[in-house]
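As structure tokens, the structure follows; a few thoughts come after it.
The values are calculated or read from the model by the stated rules, or taken from the named source; none is laboratory data. Everything numeric here is computed off the predicted structure, so don't read it as measured data. FYI the Cβ positions are ideal-geometry reconstructions off the backbone, even for glycines, and counts take in every protein chain you see.
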Amino acid sequence: MRSAGRARDAGIDARVLAVAARHLAGQGYQAMSLAAVAAEACTTRQALYRRWPAKADLAAAAIAQMSDDETAVPSDDPFGDLVAELSDFQRGVSRRGRLSLVGTMLQDTTDPDVRSRYRAQVIEPRRRRIRAILDAAVRLGLADADADLEIAVTMCTGSWYGRALAGAQVPANWPQRTAALVWRAIGGPPDVPGPPNVPGPPNVPG
């Protein structure tokens, strides 16, 4: 009778994917080495190749761990929903390596399939949720029917990346201030709840 092989170590997958995500963010796709990932994850290249035959497979799997495909039903308070969504975005993009990963995905040397998966699993779900919130504002008569919501969606997260590239510290109340600016841009009523114009921390550059 043929003996069963050694049980697969489920912990290897988690270790390798965590290390791969760090290397992808810190070094970029082209420089990411499967041998280095295997060594840091305390496994062998053979074990890694059995799971992910190519670097693109490993990178895509690491990105899948960051999947942001949660769905949310907009409430009758779209401004509050927008602040909550931007607060969640701020928490996510502030995690170690996340901003560097954005830069990696913009590089021409990144595998096209890896870039496509990143957009589909990380970027697009966020954009869909923001768009749903803004659509709800229009539907409830709280925003102009002809508001340019496509540009408004990009403004929501783009303002964060713009400040990061400029080297400017992001104020603690960034979600409220950004939501208020976008809200006014789409014709929302000015009497939004909360204090969106509270000054940021002292000595904040930019």
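With respect to being free of Cβ contacts under 8 Å to residues at least 24 places away in the same chain and over 10 Å from the mean Cα position of the chain (by Cα), residue 106 fits the description. Give the stretch 80-107 a look and list any residue that's over 18 Å from residue 18 (Cα atoms) and not in a helix (DSSP H, G or I), or say none. Matches in the stretch 80-107: 106, 107. The number of residues in the stretch 130-159 being among the charged types (D, E, K, R) and touching a helix residue (DSSP H, G or I) at 6+ places or on another chain (Cβ under 6 Å) comes to 1. Where residues in the stretch 109-131 are of a type in the set (A, V, I, L, M) and under 18 Å from residue 92 (Cβ atoms), which of them is farthest from the chain's Cα centre (by Cα)? In this case the residue turns out to be 130. Residue 164 fulfils the conditions (1) among the small types (Gly, Ala, Ser); (2) touching a residue at least 60 places away in the same chain (Cβ under 8 Å); (3) touching a Phe, Trp or Tyr at 6+ places or on another chain (Cβ under 9 Å) except for a single criterion, (3).
With the requirement that a residue be part of a helix (DSSP H, G or I) and in contact (Cβ under 8 Å) with a residue 60 or more places away in the chain, what does the stretch 109-142 give you? Across the stretch 109-142, the qualifying residues are 114, 132, 135, 136. Looking across the stretch 109-137 at every residue that is of a type in the set (S, T, N, Q) and in contact with a Ser or Thr (Cβ under 8 Å, 6 or more places away or on another chain), the one that is farthest from residue 152 (Cα to Cα) is identified as 110.
Kindly evaluate residue 157 against the criterion of being out of contact with any strand residue (DSSP E or B) (no Cβ under 6 Å at 6 or more places or on another chain), at pLDDT 90 or above and under 28 Å from residue 20 (Cβ atoms). Yes, satisfied.
Restricting attention to the stretch 54-74, the residues being in a loop (DSSP other than H, G, I, E, B) and either modelled with pLDDT of 90 or more or acidic (Asp, Glu) (or both) number 3. Take residue 134 and decide whether it is outside the structural domain of residue 28 (by TED's automatic domain parsing), buried (at least 17 other Cβ atoms within 10 Å of the Cβ) and over 17 Å from the mean Cα position of the chain (by Cα). In short, yes.
Considering 125, 171, 189, 193, the condition of being more than 29 Å from residue 60 (Cβ to Cβ), modelled with pLDDT under 95 and surrounded by 13 or more Cβ atoms within 10 Å (Cβ to Cβ) is satisfied by 171 alone. Against the list (1) at pLDDT 85 or above; (2) part of a helix (DSSP H, G or I), the condition residue 43 fails is (2).
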